[in-house]
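The values are calculated or read from the model by the stated rules, or taken from the named source; none is laboratory data. Note that this is a predicted model, so its numbers are computed, not measured. Glycine gets a Cβ as well: all are built from the backbone with ideal geometry, and neighbour counts include every protein chain shown.
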Amino acid sequence: MTPTSPDTPYADLGPDAVLDAIESVGLRCDGTLLQLNSFENRVYRVGLDDGARCVAKFYRPGRWSDAAILEEHGFTLELAAREIPVVAPLRFGGQTLLRHAGHRFALFDCQGGRAPELEHEPTLERIGRFLGRIHAVGAEAGYAHRAPLDVQSFGFESRELLLGGDWIPPDLLPAWSSVADQALQGVQQAWQRAAGVGTLRVHADCHVGNLLWTDDGPHFVDFDDSRCAPAVQDLWMLLSGDAQDARRQLDVLLRGYEMFREFDRRELHLVEALRTLRLLHYSAWIARRWHDPAFPAAFPFFGSARYWQDRVLELREQVALMQEPPLLAGF
């Protein structure tokens, strides 16, 4: 049995199919099932007969190859072996990437937690220490099967996809196209100013939703977007507030980070450039997934004049920010 259609990849993934997949590897479910917040994949918290719970992630067809998924699994297993608090996939018969009824999936221990208090300096410094450890491992090897986070794929390809469809209202198309071009020029100039910075395996989606805090400290979840990118990609999404607040937070993060790995200050030129790429990629991601019925339901405003007016203003702000000195400008 295969998914009903490439346009509806999860149409046949009902509750019974999810439970059958989990029981196919020898676990016994108690029938309780909760779908967790995820659009790219389908993720469920599942109760087991022994009172434990697991998390099942069903991978979106066509997004990552098997080899790319296994690279991500391998990275998280490397980190777990170094006693770095990540949620790595479970092995069944020596395998982490599992299959059932045409779907690929993986199972994880269910680990709860709360959002970290990023305004608390000891918490932020501790997160920095773990990111330094993650990156020390990430720098030991690269990815062979995962596309890097770069200007071409996240920037220019996103622009071309959005301009090539009927997503942007005609009266806003000239404004958006013009500011997108200016933004991408600013991104390229930022990369030139940061000339020579390296890349390594990073989490790549390291925001507070993927960083859970318990009384024992943090654990990092969902490496599904992991790519090779500059190290600062895992830092900038943890910064908030005005420039003064962000500088203070970054200083605390780096205080912990550099206990385990040196940080190249040239990467600070890339903070707003990486934010710009994320904004462009986000709109393109919605467009790419529009055939999935979950996306029109979740993003009904996509394609509206208000949505694209906001995107034009957003990119104009980024153009201005990329012309300002980087955080910790005195480095």
Among residues of segment 83-109, those that are among the polar types (S, T, N, Q) and either more than 20 Å from Ala17 (Cα to Cα) or out of contact with any Pro (no Cβ under 7 Å at 6 or more places or on another chain) (or both), counted: 1
Residues of segment 15-29 being in a helix (DSSP H, G or I) and either buried (at least 18 other Cβ atoms within 10 Å of the Cβ) or touching a residue at least 40 places away in the same chain (Cβ under 8 Å) (or both), which ones? Ala17, Val18, Leu19, Asp20, Ala21, Ile22
Selected residue (only one of Asp245, Asp264, Asp224 is of a type in the set (D, E, K, R), outside the structural domain of Leu79 (by TED's automatic domain parsing) and within 30 Å of Asp109 (Cα to Cα)): Asp224
Please go through (1) buried (at least 18 other Cβ atoms within 10 Å of the Cβ); (2) assigned to a loop (DSSP other than H, G, I, E, B) for His145 and return the number of the only condition it doesn't satisfy. (1)
Hey, could you check segment 1-26 for residues that are closer than 26 Å to Gly94 by Cα and of a type in the set (Val, Ile, Thr) and say which is modelled with the lowest pLDDT? Thr2
Quick check: anything in segment 112-133 under 30 Å from Val18 (Cβ atoms) and of a type in the set (D, E, K, R)? yes
Is it the case, given these coordinates, that Glu83 is without any contact (Cβ under 8 Å) to a residue 24 or more places away in the chain and over 20 Å from Arg289 (Cα atoms)? yes
When you check Ala80 against the structure, is it under 20 Å from the mean Cα position of the chain (by Cα), of a type in the set (A, V, I, L, M) and outside any helix (DSSP H, G or I), yes or no? no
Is it true that Thr32 is out of contact with any helix residue (DSSP H, G or I) (no Cβ under 8 Å at 6 or more places or on another chain) and surrounded by 15 or more Cβ atoms within 10 Å (Cβ to Cβ)? no
Between Pro230, Pro218, which is in the same structural domain as His145 (by TED's automatic domain parsing), farther than 21 Å from Glu314 by Cβ and at pLDDT below 95? Pro218
Exactly one of Arg261, Arg316 is within 27 Å of Gly113 (Cα to Cα), in contact with a helix residue (DSSP H, G or I) (Cβ under 9 Å, 6 or more places away or on another chain) and either among the small types (Gly, Ala, Ser) or modelled with pLDDT of 95 or more (or both), and that residue is Arg261
Let me spell it out: the conditions are (1) farther than 30 Å from Pro9 by Cα; (2) in the same structural domain as Lys57 (by TED's automatic domain parsing); (3) surrounded by 15 or more Cβ atoms within 10 Å (Cβ to Cβ), and Ala139 meets all of them except one. Which number is the exception? (2)
Identify, by number, the condition in (1) loosely packed, with under 14 Cβ neighbours inside 10 Å; (2) modelled with pLDDT of 95 or more; (3) part of a helix (DSSP H, G or I) that Asp171 doesn't meet. (3)
